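The numbers here are math on the coordinates, done by the rules we state, and not lab data. None of the values given here were measured: they were computed from a predicted structure. Cβ coordinates were reconstructed from backbone atoms using ideal geometry, including for glycine residues, and neighbour counts include every protein chain displayed.
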């Protein structure tokens, strides 16, 4: 039970601070990227020994495919992550409500008219698959050997930062279905219509990374 609670709290913090800083900074590229990256760095050293600090259904899927967690754990992790993301978004909504910033954004992801660069559906799909592949492959590599444990959180956080630097102005950067689903549910409308891409693409990217990792690394 402790590991599921850890995933709930970890995802809550990631979504609250990541999307929260995106909103209050006016979508500042560096500030938002650092917010997501630093949240992961902090959480990795706090809950990493409890749950592995997945805080992301895509990461959990890769761990399932590489047989590092069970089907039961995968199911409970995803539930905890989605609930944590919803709680984080709810807190952000409560904070922003009544402020001059309002609650019109909440850090939702999007393409075409919801993208800062009007990226196409295909472009957004490719972006999210590639960014998630890089992020999750890094996680699989740096957590593969205990000798990397002291720096694993830093490496993973920095990787999340640099994928955000590329993706923020394209799709808002998801690489995490739970992080995308929560604000879309609160906002509804076009954000909710488009959220399927930010669920499907990260899961595809994660599955591909797990398969490539198994082929290149575990067959040595």
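What is the gain in length, in nm to one decimal, between residue 30 and residue 193 on full extension, counting 0.36 nm per residue of separation less the C-alpha to C-alpha distance? Let's see the in-between values first.
Numbers: separation 163, 0.36 × 163 = 58.68 nm, distance 2.79 nm.
Using 0.36 nm per residue and subtracting the Cα-Cα distance, I get 55.9 nm.
Taking the 0 to 90 degree range and rounding to the nearest ten, how far is the long axis of helix 177-187 tilted relative to the main principal axis of the chain, both from C-alpha atoms?
20
Using just the Cα positions, wrap the stretch 1-146 in a convex hull and report its mean projected area in square nanometres, one decimal place. If you can, show how the numbers build up before the last one.
Working: hull surface 37.4 nm².
Averaged projected hull area, Cα only: 9.4 nm².
Using the basic label-point model (7 angstrom from Cα toward the beta carbon), what is the residue 91 to residue 126 distance in nanometres?
Inter-label distance under the simple model: 3.8 nm.
Mean separation of Cα pairs under 8 Å and 6+ residues apart, divided by the residue count of the chain: what relative contact order is that in percent? The partial results should precede the final answer.
Numbers: 363 pairs, mean separation 65.0, N = 220.
Taking the mean separation of contacting Cα pairs over the length of the chain, I get 30 percent.
Who wins for biggest fluctuation among 35, 207, 149 in a Gaussian network model of the chain, springs between alpha carbons below 10 Å?
149
So which residue, out of 118, 176, 56, gets the largest mean-square fluctuation from a GNM of the chain using Cα contacts under 10 Å as springs?
Answer for the Gaussian network model of the chain: 118.
For the chain, set up a Gaussian network in which alpha carbons nearer than 10 Å are linked by springs, and say which option among 22, 75, 44 fluctuates the most.
75
How much length is gained on full extension from residue 2 to residue 79, taking 0.36 nm per residue of separation minus their Cα-Cα distance?
Values: separation 77, 0.36 × 77 = 27.72 nm, distance 1.39 nm.
Extra length from residue 2 to residue 79 when fully extended: 26.3 nm.
Given the -39500 (n - 2.57) contribution per DSSP H run of 4+ residues, what per-residue ellipticity at 222 nm results for the chain, rounded to the nearest 500 deg cm²/dmol? Each step should come with its number before you reach the end.
Details: 8 runs with 161 residues, N = 220.
Calculated at 222 nm, the ellipticity per residue is -25000 deg cm²/dmol.
With the contact rule set at Cα under 8 Å and sequence spacing of 6 or more, what percent relative contact order holds for the stretch 163-220? Spell out each step's value before the answer.
Values: 30 pairs, mean separation 17.4, N = 58.
In percent, rounded to a whole number, it is 30.
Measuring from label point to label point, each 7 Å out along Cα→Cβ, what is the residue 149 to residue 216 span in nm?
Reported label-point gap for residue 149 and residue 216 is 2.6 nm.
Could you tell me the relative contact order of the stretch 94-160? Use alpha-carbon pairs under 8 Å, at least six residues apart, and round to a whole percent.
On the way: 27 pairs, mean separation 11.3, N = 67.
The normalised contact order for the stretch 94-160 reaches 17 percent.
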